[in-house]
Amino acid sequence: MAQGSIPSVFIDGEAGTTGLQIVERLQGRSDLTLRSLPPEHRKDPAAKRDLFAEVDLVILCLPDAAAKEATAVAAGLGERAPRLLDASTAHRVNPDWVYGVPELAPDQAAKIAAAPRVANPGCYPTGGILLLRPLVEAGLLPRDYPVTVNAVSGYSGGGKSMIATFEEADDAPAFELYGLGLEHKHLPELQHYSGLTRRPIFVPSVGDFRQGMLVSVPLHLDLLSGRPSPAALESALSAYYAGQEFVRVMPAEPGGKLEPEALNNTNLVELRVYGNEARGQAVLVARLDNLGKGASGAAVQNMNLMLGLSGANQLERAA
């Protein structure tokens, strides 16, 4: 990208759920040019390769196999290759890709800004990692702690087929557990970037609401280093994310209830610690929009960093 020029972006897979949300978030932007292919050429390898060579950044909103194929196409362009931001799960634990959670570590945003290839995070791991990593880094949560992560998402997280099931079918469940084979595709990044040596148990679920997400992690305080209080856990989270625009550590509301939709259409995530010190127990909870900070919002945030753009508040719809 020439100095002073307006960067150009192509969303490969713009007709999918995440791609459509990114396009919507980019409407009205004057600091970038959004390129596209006519529908009849979207699966034309030659047309796609030519467009790759003309843009500064390609956002991949594709299935894993197709994302890998697109990555190979970009690599084949040599010096004309665009930078890549991959929203699939194909490259999230690949050491050649930078993980796209800017709040992961103090230097993570700078790494994303400089990287030729960035892997956008999964929605569930975003909540789990943001809760767990600060406690691991602070030495409060042992790396081999037997972590369990429970989460519920709106049905839009399942893509077009699940959306159709819930919005068009007459027999959609009100609530459903899934991934009970304990091999969910988000597990590798959840473990890796949380800093855990023991593989966590992850139980996802889907509810009959379009978007929104709660990710919760139960803890036994006597199994943590130094037996910290719930207040100490909250303090560690607050210190880790001090100054971050999109991660907010919130006090636990009285009454012990939390609904999943309050942050819809924002790029925010809220972290809370609910505890019963007398019982020696706590539950960490992250609330986010599975299509916002969990997908398209995170992609736009990463895109801004990669292209040196500053219109974050407008783009991510921060509340």
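Near Phe166, within a Cβ-to-Cβ distance under 12 Å, what is the net charge of the other residues, with Lys and Arg +1 and Asp and Glu -1? Within the 12 Å Cβ shell, the charges total -4. What residue among Leu177, Leu84, Leu233 shows peak mean-square fluctuation when the chain is described by a Gaussian network model with Cα springs under 10 Å? Its mean-square fluctuation being the largest, the pick is Leu177.
Per-atom-type breakdown for the chain gives carbon and sulfur 51% of the accessible area (1.4 Å probe, protein chains only). For region 4-98, the relative contact order comes to 30 percent (Cα pairs under 8 Å, sequence separation of at least 6).
Considering Cα pairs under 8 angstrom that are at least six residues apart, work out the relative contact order of region 181-319 and quote it in whole percent. So the answer I get is 25 percent. Evaluated at q = 0.15, 0.21, 0.23, 0.24 Å⁻¹, a Debye calculation over the C-alpha positions of region 228-319 (equal weights, vacuum) places log10 I(q)/I(0) at -0.64, -1.01, -1.12, -1.18. Taking all Cα pairs closer than 8 Å and separated by 6 or more residues, the relative contact order of region 15-173 comes to 16 percent. Extension gain for the segment Ala72 to Asp107, taken as residue separation times 0.36 nm less the Cα-Cα distance, is 9.8 nm to one decimal. For the chain, the longest piece that avoids every one of the GluC sites (Glu not before Pro) found in DSSP loops with at most 15 other C-beta atoms within 10 Å covers 55-182.
Bridgeable lysines around Lys68 (alpha carbons under 27 Å apart, same-chain partners fewer than 8 residues away excluded): Lys43, Lys48, Lys111, Lys160, Lys185, Lys293. With all protein chains kept in place, the per residue accessible area of region 1-145 amounts to 43 square angstrom at a probe of 1.4 angstrom.
Could you report region 234-275's accessible area per residue, 1.4 Å probe, as an integer in Å²?
It amounts to 48 Å² per residue over region 234-275.
Counting Lys and Arg as +1 and Asp and Glu as -1, what is the net charge of the other residues whose Cβ lies under 9 Å from the Cβ of Tyr99?
Overall, the nearby charge balance is +1.
For region 247-309, trypsin sites (Lys or Arg not before Pro) meeting the loop criterion (DSSP other than H, G, I, E, B) and having at most 10 other Cβ atoms within 10 Å: Lys257, Arg279.
What is the helix-to-structure angle for 159-168, meaning the angle in degrees between its Cα long axis and the longest Cα principal axis of the chain, kept from 0 to 90 and rounded to the nearest 10? So the inclination is approximately 70 degrees. For region 177-219 versus region 17-38, the spacing of their alpha-carbon centroids is 30 Å.
The values are calculated or read from the model by the stated rules, or taken from the named source; none is laboratory data. Here the structure is a predicted model, which is why all the values come from computation and not from measurement. With ideal geometry, Cβ positions are generated from the backbone for all residues, glycine too; neighbour counts draw on all protein chains shown. Surface areas here come from the heavy atoms of the whole protein model, side chains and all, with no ligands, DNA or RNA. Shrake-Rupley method; radii C 1.70, N 1.55, O 1.52, S 1.80 Å.
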